[in-house]
1. Residue pairs, Cβ under 7 Å, 6 or more apart or interchain, first in the stretch 1-27 and in contact (Cβ under 8 Å) with a residue 40 or more places away in the chain, second part of a strand (DSSP E or B) and of a type in the set (Val, Ile, Thr). List them.
2. In the stretch 7-41, how many residues are of a type in the set (Lys, Arg), in contact with a strand residue (DSSP E or B) (Cβ under 6 Å, 6 or more places away or on another chain) and surrounded by 11 or more Cβ atoms within 10 Å (Cβ to Cβ)?
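We did not get these values from a lab; they are worked out from the coordinates using the rules stated. Here the structure is a predicted model, which means the values were calculated and not measured. All Cβ positions, glycine included, derive from the backbone under ideal geometry; neighbour counts span all protein chains shown.
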Amino acid sequence: MIETALSLEGFSLIVDGKKMLDNVSARSSEGQYRSSTGSTRSGKSAILRSLFISTKSSSMMFGQAGSIKLFGSDIDQLDRKM
């Protein structure tokens with residue numbers, strides 16, 4: 001069975017009072033490659049930042065709903081070393 005490496009479920013993101021993403025859901029299995037396309041300021045980079053920047057310790061004002069999981073673990077529960 002192929003394991004889900006990355007999943008977003010009902011993910012929404014607000015940055016500095018502006019809604020960047022609204023109710024995004026996606027899955028990628030281990031070993032698969034994915035790409036993201038869209039116009040400027042459509043939220044492509046915001047998804048990546050959500051993976052690597054702790055919304056609790058950033059200088060920007062973040063609000064988020066839904067979940068992002070890496071190999072089944074919620075990213076907010078993972079140790080993020082910078």
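1. Every condition considered, the pairs that remain are LEU8/VAL24; LEU8/ILE68; PHE11/VAL24; PHE11/ILE68.
2. Of the residues in the stretch 7-41, 1 are of a type in the set (Lys, Arg), in contact with a strand residue (DSSP E or B) (Cβ under 6 Å, 6 or more places away or on another chain) and surrounded by 11 or more Cβ atoms within 10 Å (Cβ to Cβ).
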